[in-house]
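The values are calculated or read from the model by the stated rules, or taken from the named source; none is laboratory data. As the structure is a computational prediction, the values presented were derived from the model and not from experiment. Ideal geometry is used to build each Cβ from the backbone, glycine not excepted, and the neighbour counts take in all protein chains shown. Please note that ligands, DNA and RNA were not included when accessible areas were found on the heavy atoms of the full protein model with its side chains. Shrake-Rupley method; radii C 1.70, N 1.55, O 1.52, S 1.80 Å.
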Amino acid sequence: MSRTVKVGIGALALAVVAGIAVAVVVVLGAGDGEPAASASPSPSVEAPRRRIIAPDSVAGRVRSYDPRLRNIDEQLIAALKRTVPGLTTVDSQHYGDAKARTLVTFGAAAGPVKDPAATLDEWFDGAFKLSGVAPTDPGPLGGVAKCGQGTTSGLTVHACGWAHEESLGFVYFYEANPGDVPATFIQIRNEVEQLT
């Protein structure tokens, strides 16, 4: 992957996470909006073995339809489309309640990922000043995974991501209990990434 693409992925990761944090701050104290449409899958050359879905709830958190968060989802979807050429499905959604400090964001794409470890490293290298970035269990769907923690717009954000030869995804946790993050990350991945 070229240096330009690497810098682009990292810078976009930083912009998306910072935008999410600002949106979370704005949402605190406000109710949910109306449903937003999910991104459409791109055509596939070969039959996909994995797909990304956006269920009504993940890890006990109900999907948020707040329109103020939709722009963030669209940015994350755009970043994933640039990172995973030939993707078959892509989505990004928010779940939980910012007031209750249960809000999470996921963004994921199914499609060919040529070098999962390098792709995941590039995403984390560009993320907003994360500390403690370390490998974590990717769960039963395999691949490689990492988690780290940072602060943006006054919020503590835990970021976990996975990369597999057939998928790439991230889950952002806002003001979460650090001890809950690894298991909840695996649970959310298992709920949004489906084998076909």
(message) Residues that are among the β-branched types (Val, Ile, Thr), surrounded by 15 or more Cβ atoms within 10 Å (Cβ to Cβ) and modelled with pLDDT under 90: does region 9-16 have at least one?
(response) yes
(request) Give the number of residues within region 151-161 that are free of Cβ contacts under 8 Å to residues at least 40 places away in the same chain and open to solvent by less than 20 Å² (accessible area, probe 1.4 Å). (result) 2
(request) Select the strands (runs of 3 or more DSSP E) contained entirely in region 59-135, then report the ones holding at least 2 residues which are of a type outside the set (A, V, I, L, M, F, W, C) and buried (at least 18 other Cβ atoms within 10 Å of the Cβ). (result) 89-95, 104-110
(message) Pairs needed: first member in region 168-188, in a loop (DSSP other than H, G, I, E, B); second member anywhere, modelled with pLDDT of 95 or more; C-beta distance under 7 Å; at least 6 residues apart or different chains.
(response) Ala176/His158
